[in-house]
Amino acid sequence: MNQTPDIAKGLLANPPQELRELLGNPRTTDEARQAVAELTSPPASQPPASTMLEAAAALPPASQPNGSSVAAVKELTNRSGDGRLQIVNETQEFTTELSSYLGKWGMLDKGFAYDVVSVFGSQSTGKSTLLNRLFGTSFDVMDETKRQQTTKGIWMCPSAYSSTLVMDVEGTDGRERGEDQDFERKSALFSLASTEVLIVNLWEHQIGLYQGANMGLLKTVFEVNLGLFGGGADNTKPKPQEKTLILFVIRDHVGATPMQNLTGTLTQDMEKIWASLSKPPHLADATLSSYFDLSFAALPHKILMPEKFEAEVLELRKRFTDRSRADYVFQPGYHKRIPADGVGFYMEGIWQQVLTNKDLDLPTQQELLAQFRCDEIAAGVIEAFLVSAKVVRRPVEAGSVVEGLGSLMQDWISTALGKFDRDASRYHSGVYQRKRADLVTALHVSLSPMFLGQLKNLHKSISGDFAKELQAGLKEPGYDFAAVVKNATDKARNKFLSGAKEIQVGGTDWDYETELALLDEGLRQIADKCRADETKKMVNAIERTVKRQLLEPVEIALSKPTPGMWDTVLSTYAKVSSHGEESYLAKAKSYNCTPEENEVALGALRARTWLALRRKLAEQTSDATVLATLRDTFEERFRYDETGVPRVWKPEDDLESAFKKAKEETLALLPLFATISPSEDSLLPDLPSPEPSFDTDADPTSFDPSTAFTLLPATKLLQLETRFKREADAAYVEAKRSMVSSVAQVPLWMYGALAVLGWNEAMAVLFNPLYFALLLIAAASSYIILQLGLAGPILQVSKTVFYEVKRLATEKLREAFAEDSGASGARTLTRPVPASSSSSSSPGSGSGSGSRLGGIDGHGEEARRQGDLVGEKVVEK
Ligand SMILES: Nc1nc2c(ncn2[C@@H]2O[C@H](COP(=O)(O)OP(=O)(O)OP(=O)(O)O)[C@@H](O)[C@H]2O)c(=O)[nH]1
């Protein structure tokens, strides 16, 4: 079972001092930190072995628990197709694939935690061999048998042991290029612009040969360096890191000459070369050490002393990997401060400049790089930002209020700026700051519609809640309208303000005041509408009360017409109207109505009160009502006496005078209904103006002020007078009749005569038991019939029976008399009739016969008539 993760965990749980320093070092990669974090936090599952390897590879070998195995993995990678890249080919073209290769090599996210080393030296001096041994790279090594130049142009390969990019530069002695030093100069420029450590590879026996190829190379390097980092006369631009380490690796060091001597000789040679340079005036005093540090290493003969060679190579490797060593070569002062993800673009730019421009302007290159990379990073950041924002943008556009939108927006901005800062802050500071400001603006601009949308949605939702709140408040018993509106408004405003402030993003000039003003206006309109509705309801309620108070007294007054009736009506009207207005004003106080609104509402109330009065008056002065009132008045005077007792007209009463008086008095009241005419004109009310603007839906009818006090026209009065007279006359006739009928009654003396004449019969009945019993039975039957209410039906049945008997008797009698007459008629007709009698030639006989027949017929008809009369008389009896 592999216990490496547990060991690593234990180590990381209580890290040694070196590891702590490493984690605190800004050059330690994010990847390494991430892997350490994963190991130290409790894992959901075992971390993959690759993560462990990556983490270990990202740490310097000194802290690698199993460094050799990691290197082996990387070496394998380097030997594969992706392991190296020719960044500049034989025709001096720069590769287009450097960035993608850097990605494959896992270098892009290293930030500044990477190093660049390049090697210079004569051709076929074992440079590629040295690099391969030192860094585990896979540069081509010369075939011993052919002795041909192998490295053409510039190659790059990552180190297997650290985040180091290694460049193998074509040999500089120009044996195969002739004396053309063009490429040598360009490659030196290129290397110095991007390299921290320049390895100068030379044989031990070349040292001291001042005129050798290496010396020419170094002179070129120094000259180029002055052009690059000398700054020229222009000191306005910031200088890049200007120091470079030159590491002399003395090959085939046999040890005969002490190292100290060799380094001394080389240093002297460098100083000589430096002194021999033609420097610009402002750099006349510049020393070699201002621009270069010199370092030395020696390696034994690879063929003759292979083991020693290997051992020394391993030792030399530590100077490239072990940060704790004093002679560690990648000191921060040498780093060219190009972030790893910009190396591809930067090197390409440098090479293009090298090809076209002899005076390479590094600050401009770094600015260009910064601009390019900052734009790229910002674009990536914005893309991720928009993806996050898209999820929330939809509901906002659909009209929803997204809770916590402000925090979300802040998070997106923080995340975006965090990413941008992490990647872009490594570039040119000025450009980074500028691009950051641009990014912030772009982020704010892209969020601005969401801010405005959320404000609108807040406005809408709060307006809805406000209306509901008002409705609920107005349903409370005894509510105070002004207080309800104020509470709801305060609540709505506070909600809006807290929502609007929540989505305010720092650094923006986003303004919610405009929307707040719109909200205020909207709330005011809703409250006004509500107030108008409530005012209408209130006016309607007052109107109902006013009508109740007004109409009954008016009806009573007009049903008993008197000359003072209009005074009563108008004073009631005035009292009720003013009471209604007072109660409106008392209630309207809490509605905060404006004086204009009060005026309109009061106008409406007055108009409606007047209309109600007018309608009632119209109703009371309709034909039927006026006639009924007159009739009642007339009857009251004619049919009842002064004490209210109904009159029974007697012959001695003066019916005509009484009738005349009652009729005249009643007719005198009719003109009262014609116009509203109080005893004093001052009692006439001021006519209200018809309501034009208040609740026209409720009662749009208006009235004509010119006929406001007229009720009945003269023609109508005449009609009513005529109709009334007719009715009064009928009443007179009826009274007269009743008087006659009372005159035709049985005289009193008849009752006396009846008592005297019928005394004996009455006594006979009373003292005869049979008659008396029959009388009692008859009385008892009558009583029962009356008690059961059968008198009517019995009477009806009796009548029916009587009429039926009468009819039958009449028919029988008629038949009987008809038969009797028929028999005598028949007897007359049986007499012989002369033949001539049927002849019509004798006018005498004709006429005689005719008169006889006529006599017979007239006799029969007469007899029948007499029979009928007798029959009828019998039946009547
Ligand atoms: N004497 C000696 N020969 C070496 C040493 N290292 C490598 N060689 C040999 O030198 C020859 C050239 O090696 P390379 O590594 O190709 O040299 P190079 O400088 O990269 O050659 P180019 O790329 O063509 O310029 C090879 O045949 C190696 O075996 C060394 O330390 N001493």
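The values are calculated or read from the model by the stated rules, or taken from the named source; none is laboratory data. Please read these numbers as outputs of a predicted model, since none were measured by experiment. Note that we place each Cβ from the backbone using ideal geometry, even for glycine, and neighbour counts take in every protein chain shown.
Does Trp649 satisfy the criteria of being under 30 Å from Cys530 (Cα atoms) and of a type in the set (A, V, I, L, M, F, W, C)?
So Trp649 fails the test.
For the stretch 398-413, enumerate the residues that are among the charged types (D, E, K, R) and either more than 30 Å from Asp438 (Cβ to Cβ) or within 16 Å of the chain's Cα centre (by Cα) (or both).
Within the stretch 398-413, Glu403 is the sole residue that qualifies.
Residue-by-condition table, conditions (1) over 27 Å from Val392 (Cα atoms); (2) buried (at least 17 other Cβ atoms within 10 Å of the Cβ); (3) not basic (Lys, Arg):
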position: Asp411; (1), (2), (3): no, no, yes
position: Phe420; (1), (2), (3): no, yes, yes
position: Tyr427; (1), (2), (3): yes, yes, yes
position: Tyr432; (1), (2), (3): yes, yes, yes
position: Leu443; (1), (2), (3): no, yes, yes
position: Leu455; (1), (2), (3): no, yes, yes
position: Ala467; (1), (2), (3): yes, yes, yes
position: Val485; (1), (2), (3): yes, yes, yes
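Name the single residue, out of those in the stretch 286-311 being more than 18 Å from Leu266 (Cβ to Cβ) and among the acidic types (Asp, Glu), that is nearest to the ligand (Cβ to nearest atom).
In this case the residue turns out to be Glu310.
Restricting the search to the stretch 288-307, which residues are assigned to a helix (DSSP H, G or I) and in contact with a strand residue (DSSP E or B) (Cβ under 9 Å, 6 or more places away or on another chain)?
Leu288, Tyr291 - these are the residues of the stretch 288-307 that are assigned to a helix (DSSP H, G or I) and in contact with a strand residue (DSSP E or B) (Cβ under 9 Å, 6 or more places away or on another chain).
For a quick check of your reading of the model, give me the residue pairs whose first member lies in the stretch 279-300 and is under 28 Å from Lys318 (Cβ atoms) and touching a residue at least 60 places away in the same chain (Cβ under 8 Å), whose second is in a strand (DSSP E or B) and basic (Lys, Arg), with beta-carbon atoms closer than 7 Å and at least 6 apart or on different chains.
Leu299/Arg251
Filter the stretch 92-146 down to the residues that are surrounded by fewer than 23 Cβ atoms within 10 Å (Cβ to Cβ), closer than 12 Å to Pro158 by Cβ and within 15 Å of the ligand (Cβ to nearest atom) and list them by number.
Ser138
Just wondering, is there one or more residues in the stretch 629-651 that are among the acidic types (Asp, Glu) and under 15 Å from Leu558 (Cα atoms)?
yes
Please tell me if Ser118 is of a type in the set (Ser, Thr, Tyr), closer than 20 Å to Val354 by Cβ, in the same structural domain as Arg323 (by TED's automatic domain parsing) and at pLDDT 80 or above.
It is true that Ser118 is of a type in the set (Ser, Thr, Tyr), closer than 20 Å to Val354 by Cβ, in the same structural domain as Arg323 (by TED's automatic domain parsing) and at pLDDT 80 or above.
Please verify whether Ser138 is part of a loop (DSSP other than H, G, I, E, B) and modelled with pLDDT of 85 or more, treating the condition exactly as stated.
Answer is yes for this residue.
Please indicate, with yes or no, whether at least one residue in the stretch 149-167 is at pLDDT 80 or above, touching a Lys or Arg at 6+ places or on another chain (Cβ under 7 Å), among the aromatic types (Phe, Trp, Tyr) and within 12 Å of the ligand (Cβ to nearest atom).
Yes, the stretch 149-167 contains a residue that is at pLDDT 80 or above, touching a Lys or Arg at 6+ places or on another chain (Cβ under 7 Å), among the aromatic types (Phe, Trp, Tyr) and within 12 Å of the ligand (Cβ to nearest atom).
Test Glu403 against the stated conditions and say whether it is outside any loop (DSSP other than H, G, I, E, B) and not β-branched (Val, Ile, Thr).
No.
Scanning the stretch 312-352 for residues that are within 16 Å of the ligand (Cβ to nearest atom) and surrounded by fewer than 16 Cβ atoms within 10 Å (Cβ to Cβ), which turns out nearest to Ser100 (Cα to Cα)?
This residue is Leu314.
Do we have Val88 as among the hydrophobic types (A, V, I, L, M, F, W, C), at pLDDT 90 or above and within 16 Å of the ligand (Cβ to nearest atom) here?
Yes.
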